[in-house]
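To keep things clear, I will list the structure first and then write my remarks on it.
The values are calculated or read from the model by the stated rules, or taken from the named source; none is laboratory data. What you see is a predicted model; the values in this text were computed from it and never measured. Cβ atoms come from the backbone with ideal geometry, glycine included; neighbour counts cover every protein chain shown. With ligands, DNA and RNA removed, areas are computed over all heavy atoms of the protein, side chains included. Shrake-Rupley method; radii C 1.70, N 1.55, O 1.52, S 1.80 Å.
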Amino acid sequence: MRDAVGCYCPLGFHGTWSYLSTAGDLRTDETALLHALEKLEASRTVWLMEMESFADRRRAEKARHQRTPRQAEVSYLLGWRWPGPDGKQAVLSEVRRLWAVHARAPFPDVLATDKGALAELDTGMAGCVSTYLANNADLDAGRQDIIAKCLPELRRHVAQLGYPWTSPGAFAYFRLLLKMTELIHNDSTRETRGRPALRTKTCPCP
């Protein structure tokens, strides 16, 4: 089972294993182990169908000389999420697990020039995450839009913190925040795939 999760872990290895463990003790309970395997196979089947559909669309687009895929679609397909019918419950479980770690961590040391922007992002995104958890994965459209608009800025800051490796504590702190917000955003995107893309570049974090 661990080898299977190592090959397919849409929430990351630890996140995927943690969610599958809600079926029971995977080390001693054979029924729980089989149930967890069914969940993993069902998710992977949906993911393979999504990737096959994406490949078909790309072939058609290339025939029309559209060589570059839509970045939003690529980010969704390859991002943190749980394909399949248990998607919302799996994402909620993982966000809850990550939030328990993030909520205990102090705000890290960062450059003075970045502190204001990072503190604003931290407050805005943490508010969205806590609301998502308090409402049992039901996030209002306004906060969904806030996450969608702020994600590019958060990704940019995480990339800067991660390279060169000068702020490991800050990188780990904001990378965890980024993963939670991407999980919520992708889960919302799964439910509203037909919604028009947001065009504003302004981050409205409070």
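Assorted remarks:
- For the chain, modelled as a GNM whose springs connect Cα atoms under 10 angstrom apart, the maximal fluctuation among Gly124, Gly142, Gly162 occurs at Gly142.
- Stretch gain in nm, segment Asp25-Thr123, where the contour uses 0.36 nm per residue and the Cα spacing is subtracted: 31.6 nm
- Accessible surface calculations at 1.4 Å, restricted to protein heavy atoms, place region 59-198 at 53 Å² per residue.
- Residues in region 9-55 average 57 Å² of solvent-accessible surface per residue, probe 1.4 Å, ligands and nucleic acids excluded.
- When you count the other C-beta atoms within 10 angstrom of each residue and take the mean per peptide, 174-184, 20-30 line up highest first as 174-184, 20-30.
- Centroid-to-centroid, using Cα positions, region 40-89 and region 147-192 are 21 Å apart.
- GNM result for the chain, Cα springs below 10 Å: residue of Glu52, Glu41, Glu120 fluctuating most strongly: Glu52
- Carbon + sulfur, % of accessible area of region 65-149 - ligands and nucleic acids excluded, 1.4 Å: 54 percent
- For peptides 6-18, 58-70, sequence by mean Cβ density within 10 Å, most packed first: 6-18, 58-70
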